[in-house]
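In what follows, a single structure is set out as C-alpha cells and then discussed.
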Amino acid sequence: MSPVRAVLFDRDGTLVHDVPYNADPARVRPVEGAREALAALRARGIRTGVVTNQSGIARGLLTEADVRRVNRRVEELLGPFDVWALCPHGPGDGCHCRKPRPGMILWAVGRICTSPADCVVIGDIGADMEAARRAGAHGILVPTPQTRPEETAAAPRVAPDLPTAVRLVLDTPAQDLPPTTPPAYETGRPVQRRHA
C-alpha cells in the first residue's frame, strides 16, 4: 500500500483561528487539537508543511517580515514544519502560486522530495481543494463558518475538525483517498520560501 508521505496545511482557518491580515504574533491561536494532530503525523514520519495565501502583503496591509514573525509563532505553538510556502500576491496579480493555482503545492512537495500523489492538502475553503486537485494531490476540507456550502458540497472529502482530518490521513492509504485529475500543464512556484 502507498502511504501518505506528506500533509500540507492551509494556515489561517485551518491550523490557527483566522485573523484577517494578521501581523501580530500575539494574536495567533491554534485550533483545538492542532498540536496533538501534528504530533501524530510527525510520530509516523509524515512530513508536514504550510501553504498560505497572504494577499495582505500585496495590499500593503502587512509585510513579509510580519508574516515570518507570525509563522515563527505558529511553529512555537505547533512545532516545526518541514516546509513553508506563501504567496504574497493579490487575486488579480496572475501569479502561479496563489491558491487555487497549484504552484505552492508543487513547490512544497518538491522541497520535501515527494510526489503530489502521496500528499494530502488540508484546508478550509474551496481554493485549497482546487489547488490540491490541480497539483495532483488529495484534499480534505475542514469547513468553518466562512466556508461556502457549495465548497463543502464539491470537496472530495470533508472532516468536521482538524484532528478528524488527520485521523483520516493516518487511517487511509493514499490510493484509497479520492482520486485527483490534475491538468498536465499546471506549473509554477511561490516567490517566498521557508521562513528564516
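Taken together, the values in this text are just the output of simple stated rules run on the coordinates, not laboratory data. Being a predicted model, the structure only gives us computed values, none of them experimental. Neighbour counts are summed over all protein chains in view; Cβ atoms, including those assigned to glycine, are modelled from backbone coordinates with ideal geometry.
Separation between the Arg42 and Leu77 pseudo-spin-labels, each 7 Å from Cα along Cα→Cβ, expressed in nm?
Placing both labels 7 Å beyond Cα along the Cβ direction yields 1.6 nm.
Between Asp93 and Arg148, what length in nm is gained on full extension when 0.36 nm per residue of separation is reduced by their alpha carbon distance?
Working: separation 55, 0.36 × 55 = 19.80 nm, distance 2.38 nm.
So the chain would gain 17.4 nm between Asp93 and Arg148.
When the dipole is taken about the Cα centre of the chain, and only Lys, Arg (+1) and Asp, Glu (-1) are charged at their Cβ, what size is it in debye, to the nearest 20?
The calculation lands at about 540 debye.
Between the DSSP loop rule and a limit of at most 13 other Cβ atoms within 10 Å, which GluC sites (Glu not before Pro) in the range 2-86 are left?
Answer in residue order: Glu32.
Rounded to whole Å and ordered largest first, report the semi-axes of the equivalent ellipsoid of the chain derived from its Cα gyration tensor (root of 5λ).
The answer is 23, 19, 16 Å, longest axis first.
Counting Lys and Arg as +1 and Asp and Glu as -1, each charge on the Cβ, what is the dipole of the range 1-92 about the Cα centre in debye, to the nearest 20?
That gives a dipole near 220 debye.
Longest segment of the chain with no trypsin sites (Lys or Arg not before Pro) in a DSSP loop having at most 13 other Cβ atoms within 10 Å?
Here the longest segment lacking exposed loop sites spans 60-196.
Per DSSP H run of at least 4 residues, take -39500 (n - 2.57); add these up for the chain, divide by its residues and hand me the 222 nm value, nearest 500 deg cm²/dmol.
-9000 deg cm²/dmol
Kirkwood hydrodynamic radius (Cα pairs, Å) of the range 59-144?
Roughly 13.9 Å, rounded to one decimal.
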